Amino acid sequence: MSVHAPASQLAPARTAPATPATFHPRRPTVLSYGLGADSTAILLMFLADPAAHGLEPDLSDLIVVHAITGDEFVDSLDYVNRLVLPLLRARSVRLVQVCRGGKSDTDGVLVLDDCRAPRRIHAAGPWCLSDELRAAGTVPRLAIGQRRCSIRFKGWVLDNWAAAEFGARTFRRVIGYHADELGRAEKDTAIQRRLNTEAGRTICEPHYPLILARMDRAAVEAYVLACLGEPIKKSYCAMCPFSGVCASRDRHEERLRAHPHVAADVLRLEYVSMALNEQMSLYGPAGSLYGRLTEDGRNRAVLDAFQTGLDQTPYAVYEIRRITFVGRTKDCRRWHGKKRDEPKWWCSWQRTPRCRRIHTIVDEDGAAVDVEPHPSGPDRCRGKQQKGQTWRSVRTVYEGPRARAELIVNRFAERSRGAVRLVTGGVSGIRRAHYLPDTEGLPRIEAFIVAAPAGVADKQRPGFEKKWTKHTGRRLTRFRPLRELPQPVRRKRSSGGPPRCTVPGRSGTSC
Ligand code: SF4
Ligand SMILES: [Zn+2]
Ligand SMILES: [Zn+2]
């Protein structure tokens with residue numbers, strides 16, 4: 001059993017200069033608590049010396065809020081349960097545990113616990129990130145440069161809880177960016193400033209105590225260790241692929257080895273994702289988790305648990321149809337704005353560097369003149385075709401044992417030899433039976449059936465069939481789907497309740 005100092009004896013000044021109290025004393029302070037080293041260090045600093053951080057001596061104005069993704073490693077929960085919660089109970093600090101109420105935003109935010117004597121950190125709410133990924137047949141990914149998972153499961157939840165809790169009252173929002181994350185903090189501040197301006201009031205003031213205390217990650221970990229007597233592990237979802245959020249490769253694999261069944265679930269998530277799209281491994285072009293784990297003999301137990309799980313789990317055959325459209329180049333957006341009439345060659349083809357160099361118009365002083373690119377497009381001016389959106393239709397056409405599902409795929413290819421190609425994924429090794437010819441260029445059309453673990457929800461955009469027929473001349477799926485598509489959820493119009501301040505670009509947390 002570890003021994004740790006009582007909160008009253010914790011002294012952050014040993015590792016960091018005192019943080020100036022920059023805050024209006026009557027405003028509540030909200031600490032986004034991600035269970036990791038950074039936010040734990042801040043919490044310990046607050047407990048040790050509330051006044052130095054602009055808090056009431058009894059901490060009655062501090063609210064610690066934890067957004068639950070449902071996929072933290074159990075040892076992270078255990079660490080906080082054993083070493084941090086007793087300190088909160090001893091000082092009657094308010095801890096609020098919130099999560100998504102369901103898949104849809106209309107399911108709202110659920111408060112799983114809100115008290116000053118918390119006994120445990122909830123492992124999961126009714127809708128976890130892994131539920132969402134399983135149903136979508138994908139892995140965490142960036143959307144327009146943002147971590148969509150973090151926005152949906154943390155930022156959105158925290159923002160909506162805060163809107164309901166504070167209404168028009170200003171609060172201080174504390175985030176655990178450390179001294180090496182100045183850029184992230186600056187971006188966060190700029191976004192909050194814009195939001196405050198747009199709202200015509202100060203919704204909240206961001207505050208970064210670790211940056212003010214000039215504590216980098218190593219100092220943070222050392223401080224938590226000194227206070228709590230046990231090294232803290234990085235807190236992140238087991239399937240997190242993002243560097244900087246997830247632990248280093250060695251530490252992450254060590255953790256997966258310690259939790260082989262969690263690791264097997266993550267591998268299954270990746271397997272299904274790659275079955276539906278070969279490119280969608282956990283690390284994308286940098287490879288798959290499965291590939292990484294096979295490079296180290298110590299991962300045998302994890303890989304065995306994964307393979308055994310695949311053999312035992314119910315399978316499905318999915319029919320996947322995909323259209324990748326031609327997109328608009330930066331030049332097109334720059335010169336044609338929202339209009340798409342009278343397209344030029346450079347609207348859908350990127351200009352080569354050579355084209356930019358030799359076909360730039362200059363004035364008599366040799367300075368580049370800002371005019372539309374030239375209208376005629378000799379071949380050597382054309383670079384890559386601009387890739388646009390991809391629309392995907394997923395329909396389940398069979399459910400049953402793995403062997404039978406794989407047989408259906410193989411038989412389809414054998415019986416329609418010539419018209420159907422059996423293609424084995426280069427990374428995944430998964431076989432897909434493609435029934436449309438491989439084409440070059442855009443729009444790119446793909447259609448295949450593949451066997452993979454069951455659980456992916458049937459999904460396609462409302463306009464998909466129309467586009468499919470337009471681009472392929474075909475109607476509907478090749479196989480009969482097992483079920484109808486779910487009705488699209490109508491988004492509720494705002495009833496004038498508290499403002500929702502979820503913002504792309506800000507996750508509201510440090511992940
Ligand atoms: S970024 Fe990583 S840790 Fe954060 S929500 Fe996404 S998967 Fe989880
Ligand atoms: Zn254009
Ligand atoms: Zn040119």
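The values are calculated or read from the model by the stated rules, or taken from the named source; none is laboratory data. Computed from a prediction, not measured in an experiment: that's the story for all the values here. Backbone-built Cβ (ideal geometry, glycine too); neighbour counts: all protein chains shown.
If Thr329 passes every condition in (1) away from ligand 3 (no atom under 14 Å from the Cβ); (2) within 29 Å of the chain's Cα centre (by Cα); (3) farther than 30 Å from Asp458 by Cβ but one, which one does it miss?
Going through the list (1) away from ligand 3 (no atom under 14 Å from the Cβ); (2) within 29 Å of the chain's Cα centre (by Cα); (3) farther than 30 Å from Asp458 by Cβ, Thr329 breaks only (1).
So Lys339 ticks every box in (1) loosely packed, with under 15 Cβ neighbours inside 10 Å; (2) more than 38 Å from the chain's Cα centre (by Cα); (3) not hydroxyl-bearing (Ser, Thr, Tyr) but one. Which box is left unticked?
Result: Lys339 fails condition (2) only.
Is it the case, given these coordinates, that Val157 is assigned to a helix (DSSP H, G or I) and in contact (Cβ under 8 Å) with a residue 12 or more places away in the chain? Please lay out each step first, then the result.
On the way: assigned to a helix (DSSP H, G or I): yes; in contact (Cβ under 8 Å) with a residue 12 or more places away in the chain: yes.
Yes; evaluated as a whole, the condition is true for this residue.
In the set Ala135, Ala163, Ala117, which member is assigned to a loop (DSSP other than H, G, I, E, B) and in contact with a Lys or Arg (Cβ under 9 Å, 6 or more places away or on another chain)?
Residue meeting the stated conditions: Ala117.
If the Cβ limit is 9 Å and pairs must be 6+ apart or interchain, which residue in the stretch 294-307 that is closer than 17 Å to Tyr271 by Cα pairs with which residue that is polar (S, T, N, Q)?
Between residues of the stretch 294-307 that are closer than 17 Å to Tyr271 by Cα and residues that are polar (S, T, N, Q), the close pairs are Leu303/Thr294.
Just for the stretch 365-396: of the residues that are in contact with a helix residue (DSSP H, G or I) (Cβ under 8 Å, 6 or more places away or on another chain) and under 26 Å from Trp468 (Cβ atoms), which one is farthest from ligand 2 (Cβ to nearest atom)?
Val394
Of the numbered conditions (1) within 16 Å of ligand 1 (Cβ to nearest atom); (2) surrounded by fewer than 17 Cβ atoms within 10 Å (Cβ to Cβ), Leu289 fails exactly one; give the number of that condition.
Only one criterion is unmet by Leu289, namely (2).
Quick check on this structure: which one of Ile151, Ile191 is crowded, with 20+ Cβ neighbours inside 10 Å and under 25 Å from the mean Cα position of the chain (by Cα)?
Ile151
Determine whether Trp349 is more than 35 Å from the chain's Cα centre (by Cα), under 15 Å from Val326 (Cβ atoms) and outside the structural domain of Gln460 (by TED's automatic domain parsing).
no
Find the residue count for the stretch 435-460, including only residues that are among the polar types (S, T, N, Q) and either more than 28 Å from the chain's Cα centre (by Cα) or more than 12 Å from Val394 (Cα to Cα) (or both).
Qualifying residue count, the stretch 435-460: 1.
If a residue must be among the β-branched types (Val, Ile, Thr), more than 16 Å from ligand 3 (Cβ to nearest atom) and in a loop (DSSP other than H, G, I, E, B), how many such residues does the stretch 371-428 contain?
Going through the stretch 371-428, the residues among the β-branched types (Val, Ile, Thr) turn out to be 371, 390, 394, 396-397, 408-409, 420, 423-424, 427.
Next cut, more than 16 Å from ligand 3 (Cβ to nearest atom) only: 390, 394, 396-397, 408-409, 420, 423-424, 427.
Imposing the further condition that a residue be in a loop (DSSP other than H, G, I, E, B) reduces the set to 427.
The qualifying residues number 1.
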